[in-house]
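Each remark here refers to the structure printed beneath this line.
The values are calculated or read from the model by the stated rules, or taken from the named source; none is laboratory data. Quantities reported herein were computed from a predicted structural model and do not represent experimental measurements. Backbone-built Cβ (ideal geometry, glycine too); neighbour counts: all protein chains shown. We work out accessible area using only protein heavy atoms, side chains counted, and drop any ligands, DNA or RNA first. Shrake-Rupley method; radii C 1.70, N 1.55, O 1.52, S 1.80 Å.
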Amino acid sequence: MKNTTALRTWLDEMNLSHPLVIAGPCSAETEEQVLKIAHELKDSDVNYYRAGIWKPRTRPGMFEGVGEIGLRWLKKVKEETGMKTCTEVANAAHVKLAVDNDVDLLWIGARSTVSPFIMQEIADALQGTDKIVLVKNPVNPDLALWLGGIERLYTAGIKNLGAIHRGFSTYEKSKYRNIPEWQLAIEFQHKFPDLPLICDPSHITGNRNMIFDVSQTALDLNFDGLMIETHIDPDNAWSDAAQQVTPTRLKQIMEDLKIRKETETDTKFKDSLENLRAQINVIDDQLIDMLGKRMKVADQIGQLKKEKNVAVLQSKRWNEILGNMVLEGEQRGLSEEFILRMFKAIHQESINHQEKIING
Ligand code: PEP
Ligand code: MN
């Protein structure tokens, strides 16, 4: 993609004094529900009212969205509250219906971004419209696939673009519904600094009690906005009940979030920051150095195992090490999740080194 500065014009033109806010229920359920939530969000920071009309569900037989009729309810939201509206589209028919019914912003869901066929179909259907289109990351942590999807839209002439970070699916158990992999989002920003990036803490956490913290992290990382699922009766929502917040809670979250300035001109601040960053650089160098040394020891172990024909993986010893490291980490304020992920990665590298020696 060239000349990407044009991509954020739609957001800059809104001239917001706060991050972009998209809120509303996971799914449109009834006309009454859609309008009630909208009226409660009317005089808040919310810029776009969201509601899923067609719902991608993991298993058949679950509530799959109200369909076309919900678009009429969104029209009413606009007429009665003045809020702009948005919904998810997953094929050409959805695009046509959403455009015909004046939906202002469309987003593409995580299960659609994984498929280049679907992305191309949506891009073709959108040709000639000036809709704002936000592309959620694919369910798997594949930056190229995410960018490829956005590029298909750009090539089809859609220039009002943005991305939504909604976390990534993993087999491993974690406290998140979809782990954030913040590094990937940071890399995304480096590659396309002009592409607006919105965080969806609802689908990252799957848990309404974690929405605030993840939102704050996103703002600290200079995200441009937030999409937060909001429902008048979250516990009885027809989809994603555990992660939705009430309109009252949403307003509180908005009030409590600290919006950090991207840069600060004060020189004393700059000096201190520079200094702390230098310290981080030194420590990172030491970490790399230590890891290199650790792998040299692993190589020696590989040599020994080769001579005695012993298996590389010694599960019992490994579980003991992990247990100890979690305890050690705890005393230094490091989360169990971090320790497990870090040591699993180190262990894998160690196994790779040993395999090379044994089979080499
Ligand atoms: C949604 O926003 O309701 C949704 C289905 O999200 P995702 O595509 O991120 O799963
Ligand atoms: Mn949802």
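What are the residues in the stretch 234-257 that are of a type in the set (A, V, I, L, M) and either within 12 Å of ligand 2 (Cβ to nearest atom) or out of contact with any Leu (no Cβ under 9 Å at 6 or more places or on another chain) (or both), if any? Please lay out each step first, then the result.
Let us first name the residues in the stretch 234-257 that are of a type in the set (A, V, I, L, M), namely 237, 241-242, 245, 250, 253-254, 257.
Matches in the stretch 234-257: 237, 241, 242, 245.
On the stretch given as the stretch 96-123, residues that are open to solvent by 10 Å² or more (accessible area, probe 1.4 Å) and within 23 Å of the chain's Cα centre (by Cα) total 8.
Go through the stretch 232-257 and give me each residue that's within 15 Å of ligand 1 (Cβ to nearest atom) and either assigned to a loop (DSSP other than H, G, I, E, B) or at pLDDT below 95 (or both). Selection gives 237, 238, 239, 240, 244.
If we keep just the residues of the stretch 322-360 that are out of contact with any Gly (no Cβ under 8 Å at 6 or more places or on another chain) and among the polar types (S, T, N, Q), which is surrounded by the most Cβ atoms within 10 Å (Cβ to Cβ)? Per the criteria, the residue is 350. For residues that are under 21 Å from residue 356 (Cα atoms) and open to solvent by 100 Å² or more (accessible area, probe 1.4 Å), scanning just the stretch 267-299, find the one that is farthest from the chain's Cα centre (by Cα). Ranking the candidates gives 296 first. From the list 220, 240, 224, the lone residue that is on the phi > 0 side of the Ramachandran plot, in contact (Cβ under 8 Å) with a residue 24 or more places away in the chain and of a type outside the set (A, V, I, L, M) is 240.
Name the residue that is nearest to residue 225 (Cα to Cα), counting only residues in the stretch 128-140 that are at pLDDT 95 or above and of a type outside the set (Val, Ile, Thr). Break it down stepwise before answering.
Keep residues of the stretch 128-140 that are at pLDDT 95 or above, which gives 131-140.
Next, only the ones that are of a type outside the set (Val, Ile, Thr) stay: 131, 134, 136-138, 140.
Working: 131: 18, 134: 12, 136: 13, 137: 15, 138: 19, 140: 22 Å.
So the residue we want is 134.
Does the stretch 193-209 include one or more residues that are of a type in the set (S, T, N, Q), within 16 Å of ligand 2 (Cβ to nearest atom) and in contact with a Cys (Cβ under 8 Å, 6 or more places away or on another chain)?
Filtering the stretch 193-209 for residues of a type in the set (S, T, N, Q) gives 202, 205, 207, 209.
Checking the rest, the ones that are also within 16 Å of ligand 2 (Cβ to nearest atom) come to 202, 205, 207.
Still in the list and also in contact with a Cys (Cβ under 8 Å, 6 or more places away or on another chain): 202.
Among the residues of the stretch 193-209, at least one is of a type in the set (S, T, N, Q), within 16 Å of ligand 2 (Cβ to nearest atom) and in contact with a Cys (Cβ under 8 Å, 6 or more places away or on another chain), which makes the answer yes.
The set of residues in the stretch 300-317 that are closer than 16 Å to residue 356 by Cβ and modelled with pLDDT of 85 or more comprises 300, 301, 302, 303, 304, 305, 306, 307.
Of all the listed residues (219, 195), the sole one being away from ligand 1 (no atom under 16 Å from the Cβ), within 13 Å of residue 137 (Cβ to Cβ) and open to solvent by less than 50 Å² (accessible area, probe 1.4 Å) is 195.
What about residue 253, is it over 26 Å from residue 139 (Cα atoms) and open to solvent by less than 10 Å² (accessible area, probe 1.4 Å)? When the stated conditions are applied, residue 253 passes them.
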